[in-house]
1. Can you find, among N45, V131, H71, the residue farthest towards the positive end of the dipole of region 25-158? Put +1 on the C-beta of Lys and Arg, -1 on that of Asp and Glu.
2. Sorted by packing (mean other beta-carbon atoms within 10 Å per residue), highest first, where do 10-22, 81-93 land?
3. Between M104 and H158, 0.36 nm times their residue separation minus their Cα-Cα distance comes to what?
4. Over 21 Å between C-alpha atoms is what I'm after, so list which of K112/K177; K128/K238; K31/K112; K31/K128; K177/K238; K34/K128 land there.
5. Once the Cβ-Cβ distance between A118 and D33 is put in as r, and R0 is 30 Å, what FRET efficiency do you end up with, to the nearest 0.05?
6. Which far-off residues, 5 or more places away or on another chain, put their amide H under 5 Å from the one on A28, with H placed in the peptide plane?
7. Please report, for the Cα atoms of region 2-123, the Rg to one decimal and the Dmax as a whole number; what are they, in angstrom?
8. Output ³J(HN,Hα) for region 119-127: one whole-Hz value per residue in order, computed from phi by the Karplus curve 6.51 cos²θ - 1.76 cosθ + 1.60 with θ = phi - 60°, and x for Gly and Pro.
Amino acid sequence: MRIFLYDGSFEGFLTALSLGLEGGYACAISKEDKAEAGLFSEFVNAGTDPEKAAAARDLIERRGSAESWQHVRFAFLSEAPGAETAIFEYVKLLAEKGPIADSMLADDRVKKVHGLAASVGGEAHMFKGFVRFKELADKTLYSKIEPDHNILPLVAPHFRARLGEFNWVIHDGRRGKAALYFNRRLIYAPLTAARALELDGKEDEVQALWKHFFKTAAIKERTNPKLQRQNVPLKYRKNLTEFE
């Protein structure tokens, strides 16, 4: 079996996907550092080819729809084991069946990708309300998150639209990367650990006021810890000011 290796980037994955679809033989896609040698495996470095990546997207949208493309993108961002294989099989089904493929909800190829995409989309939506910024001494806003999925590319544009007048950083501590927005330019870069942060002089006061508001706004008689854990899972709370 021929196994196309990609560098971990989405464009690299789409390049490998395009090569796999062109081949017409048994093949698979694997991230470079996840590939496992087999007796009959042939490894091929897919590289990164913008034209092939664009061709893969064109196929997905032409044979499926814009929603099919979103399913693929979100499923890739899940970083779930086997996601590459699931997407590959899903796209082959799209190529074969056309738009009707997305309505084949009982098909495991569709169910898997739709499920991964829904999980990523749901977490990204939650984090639009879970990001808590702290103001640093230089007036930059800083937030640390640790999501299950690689949702930074989905969350950052939301804050660029709403906080365009400020410089800010959203740091994904789990993956060692960050979205940095400075001088109206958004970039993504590695960030393994933030140095000791020097907060703005009024930040402690602002955080105290927010915690006080959170506590006093609650209606004691209607406290529902089970519902609260459902809406704000425990695993996310260590980066939420009101739970610190």
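FYI, it's all coordinate maths here, none of it is from the lab. These figures come from a predicted structure and were not determined experimentally. Here Cβ is always computed from backbone atoms with ideal geometry, including for glycine, and neighbour counts include all displayed protein chains.
1. Farthest towards the positive end: V131.
2. On the way: 10-22: 22.2, 81-93: 19.2.
Highest-to-lowest ranking by the protection proxy: 10-22, 81-93.
3. Numbers: separation 54, 0.36 × 54 = 19.44 nm, distance 3.17 nm.
16.3 nm is the gain from fully extending M104 to H158.
4. Numbers: K112/K177 27 Å; K128/K238 16 Å; K31/K112 19 Å; K31/K128 29 Å; K177/K238 19 Å; K34/K128 31 Å.
In this structure, K112/K177; K31/K128; K34/K128 exceed 21 Å between Cα atoms.
5. On the way: r = 27 Å, r/R0 = 0.91.
My answer for the efficiency is 0.65.
6. Under 5 Å from the amide H of A28 lie the amide H atoms of R2, I3, F4, each far enough along the sequence or on another chain.
7. 13.5, 40
8. Ordered by residue, 3J(HN,Hα) equals 5, 5, x, x, 5, 4, 5, 4, 6 Hz.
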